[in-house]
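Written out below as structure tokens is the structure these notes cover.
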Amino acid sequence: MLSKKEGKGKNKEGELAAQGGAAMEKIERSDLLLVIDVQNDFCPGGALPVPDGGAVVPVINRVIGLFPAAGATQDWHPAGHFSFASSHPGKKPFETIPWHGQEQVLWPDHCLQGSAGADLHPELEARPLRFLLRKGTRRDVDSYSGFLENDHRTSTGLKGLLQELGVRRIFVAGLATDYCVRATVLDGLEAGFRVAVLVDACRGVDVPAGSVKKALEEMRSRGALLLETRDLSAG
Ligand SMILES: [Zn+2]
């Protein structure tokens, strides 16, 4: 069901970026690298592994030092969180339930507050991170986006934080392309930031099948720039 590296070391995210024919992108003083949910539970061996999820780590490590600032999000759930299938008797992971007019995917228990699974990947170069924003902390609402909880109203505080740091453009990397990366990118655009997706530094769940491609197309059509890290040049 899930994507693996295809062909000449290129994932499906990368192929779409290549089709976009992106030019070199110079990093500016008001840019920030936002690393989404690069946590043990989302990497192979974790509770909710994104296929090939750990592959984003060396890619992020290679470019994080190019940015004048970087920050990260961390999925951080209390026990019994609403998004866990185990909180809904009779439901299995990856089934969906209706929630306030939306569809909520039910996940295996993951990223429990304080657990090793919730830790950032141990090989992620974390020293340049200026902040670590924890989301999904309320038991009754999920939060895919780094900006807003899934009610699309409750702010995480990220917008104000970035404004305070003087950030104008966000480069997004991490996990998963079709969930938390997508939601963060769309809300970032909505919040008035310019947003670029570093597609080779992201991996997706691709559940349901095709959702990675759909997410990339949606992000691009809403105004995000799709880039590969090789398209970056130091400012
Ligand atoms: Zn979660």
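Springs between Cα atoms under 10 Å define the GNM used for the chain, and in it the highest mean-square fluctuation of Ser83, Ser211, Ser221 occurs at Ser221. Dipole check for the chain: with +1 at the C-beta of Lys and Arg, -1 at the C-beta of Asp and Glu, and the Cα centre as origin, the magnitude is about 380 Debye. In order along the range 42-51, phi translates into HN-Hα couplings of 9, 10, x, x, x, 6, 9, x, 7, x Hz, rounded to whole numbers, per the Karplus curve 6.51 cos²θ - 1.76 cosθ + 1.60 with θ = phi - 60° and x for Gly and Pro.
When a/c is below 1.5 the answer is rounded, else prolate if a/b is larger than b/c, else oblate, so apply that to the range 109-194 with a ≥ b ≥ c taken from the square roots of the Cα gyration tensor eigenvalues. The shape class here is oblate.
Which one, Val35, Val197, Val141, has the greatest fluctuation when you compute a Gaussian network model over the chain with C-alpha springs under 10 angstrom? In this elastic network of the chain, the residue with the biggest mean-square fluctuation among Val35, Val197, Val141 is Val141.
For Phe171, the residues 5 or more places off, or on other chains, whose built amide H falls under 5 Å of its own are Leu32, Leu33, Leu34, Ala196.
Scalar couplings 3J(HN,Hα) for the range 159-172, obtained by applying the Karplus form with A = 6.51, B = -1.76, C = 1.60 to θ = phi - 60°, are 4, x, 4, 5, 4, 4, 7, x, 6, 10, 10, 10, 9, 9 Hz; x denotes Gly and Pro. Neighbour counts of C-beta atoms inside 10 Å place Met219, Met24 in the sequence Met24, Met219, starting with the fewest. Where only DSSP H runs of four or more residues are counted, the chain gives -5000 deg cm²/dmol as its mean residue ellipticity at 222 nm, each run worth -39500 (n - 2.57).
Indicate, rounded to the nearest 5 percent, the antiparallel portion of the DSSP beta bridges found entirely in the chain.
The antiparallel proportion sits near 20 percent.
Only sites in a loop by DSSP and with at most 10 other Cβ atoms within 10 Å count here; which GluC sites (Glu not before Pro) in the range 47-125 make the cut? Write down the numbers at each step before the final one.
On the way: sites: Glu95, Glu103, Glu123, Glu125; in loops: Glu95, Glu123, Glu125.
The qualifying sites: there are none.
Extension gain, Ala234 to Arg29: 0.36 nm times the residue separation minus the Cα-Cα distance gives 72.8 nm.
No value in this document is a laboratory result; all are computed from the given coordinates. Predicted model only: the values in this text are computed from it and were never measured. So basically every Cβ, Gly included, is an ideal-geometry build from the backbone, and we count neighbours across all protein chains shown.
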